[in-house]
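First up is the structure itself, then whatever we jot down about it.
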Amino acid sequence: MDLSEIEVRDAVDADCLPDLMNLFASAWWAAGRSASDLNRMLETSDLVFGLVHRPSGRLVGFARVLTDDVYLAVVLDVVVAPAWRGFDLGAMLLDAIVGHPRLAAVRSVELVCQPELMPFYRRWGFTEQIGRSRLMRRTSDPLLSDTQP
Ligand SMILES: CC(C)(COP(=O)(O)OP(=O)(O)OC[C@H]1O[C@@H](n2cnc3c(N)ncnc32)[C@H](O)[C@@H]1OP(=O)(O)O)[C@@H](O)C(=O)NCCC(=O)NCCS
């Protein structure tokens, strides 16, 4: 794996949409997202991070952030293509997120993850020390309310 062949981009081009759909198909909470919904998501997300394998032009990783630039940023949809996992691409995404100038002064950066991924996110200072706060959710998405893997 030659990481110098991987480029972090701040947008996902229309020709990478099929790759993005494949990426999300491998993520339990995002399977089945439609092209039109993904296009709208890409347009309206504050920050988008795409990992592109330059020689092939394939999108092999993705993450996005919603933020008000001051108080809060929420990291969402962190996914690396299954064949590329375990080669530090996830770390590239998190480095790009926490190092982004728009997030430098934001007071809190938050994310939701499964327990087994907590050691991964701790590397960037994420902690489960959240005081008495508890996640609550109002959702129409059964993937988010059913028992998760
Ligand atoms: C989580 C994910 C983005 C990490 O990407 P990656 O390129 O494999 O990450 P890196 O190679 O930089 O780091 C690998 C580390 O991820 C962690 N990790 C990834 N998946 C894990 C899992 N299912 N269980 C436990 N640890 C996991 C490990 O700590 C691993 O560390 P190691 O190399 O010491 O074993 C990727 O595994 C993925 O896309 N998973 C499916 C989607 C998902 O669950 N995304 C997270 C949403 S919160």
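The values are calculated or read from the model by the stated rules, or taken from the named source; none is laboratory data. Quick caveat: nothing in here was measured; it's all calculated off a predicted structure. Neighbour counts are summed over all protein chains in view; Cβ atoms, including those assigned to glycine, are modelled from backbone coordinates with ideal geometry.
Taking residues in the range 75-86 that are more than 6 Å from the ligand (Cβ to nearest atom), and partners anywhere that are part of a loop (DSSP other than H, G, I, E, B) and of a type in the set (S, T, N, Q), the pairs with Cβ atoms closer than 8 Å and at least 6 places apart or on different chains are Leu76/Ser45; Ala81/Ser26; Pro82/Ser26. Against the numbered list (1) in contact with a strand residue (DSSP E or B) (Cβ under 7 Å, 6 or more places away or on another chain); (2) at pLDDT below 95, Ser145 comes up short only at (1).
Can you confirm whether Trp124 is more than 9 Å from the ligand (Cβ to nearest atom), part of a loop (DSSP other than H, G, I, E, B), under 15 Å from the mean Cα position of the chain (by Cα) and not β-branched (Val, Ile, Thr)?
It is true that Trp124 is more than 9 Å from the ligand (Cβ to nearest atom), part of a loop (DSSP other than H, G, I, E, B), under 15 Å from the mean Cα position of the chain (by Cα) and not β-branched (Val, Ile, Thr).
When Leu66, Leu76, Leu117 are screened for being part of a helix (DSSP H, G or I) and either closer than 30 Å to Pro18 by Cβ or touching a Cys at 6+ places or on another chain (Cβ under 8 Å) (or both), only Leu117 passes. If you take the residues of the range 87-101 that are more than 7 Å from the ligand (Cβ to nearest atom), without any contact (Cβ under 8 Å) to a residue 60 or more places away in the chain and in a helix (DSSP H, G or I), which of them is farthest from Ala73 (Cα to Cα)? Out of the qualifying residues, it is Asp95.
Only residues that are within 15 Å of the ligand (Cβ to nearest atom) and farther than 18 Å from Asp13 by Cα were counted in the range 52-72, giving 1. Right, Asn39: among the polar types (S, T, N, Q) and either away from the ligand (no atom under 15 Å from the Cβ) or at pLDDT below 95 (or both) or not? So Asn39 fits the description; yes. Quick check, is Ser56 out of contact with any Ser or Thr (no Cβ under 7 Å at 6 or more places or on another chain) and either more than 25 Å from Glu5 (Cβ to Cβ) or part of a strand (DSSP E or B) (or both)? Taking the combined requirement at face value, the residue does not satisfy it. Check whether at least one residue in the range 1-11 is in a loop (DSSP other than H, G, I, E, B), within 13 Å of the ligand (Cβ to nearest atom), modelled with pLDDT under 95 and out of contact with any strand residue (DSSP E or B) (no Cβ under 8 Å at 6 or more places or on another chain), and report yes or no. Yes, the conditions are met somewhere in the range 1-11.
Of the candidates Ala31, Ala27, the single residue that is small (Gly, Ala, Ser) and either in a strand (DSSP E or B) or without any contact (Cβ under 8 Å) to a residue 60 or more places away in the chain (or both) is Ala27.
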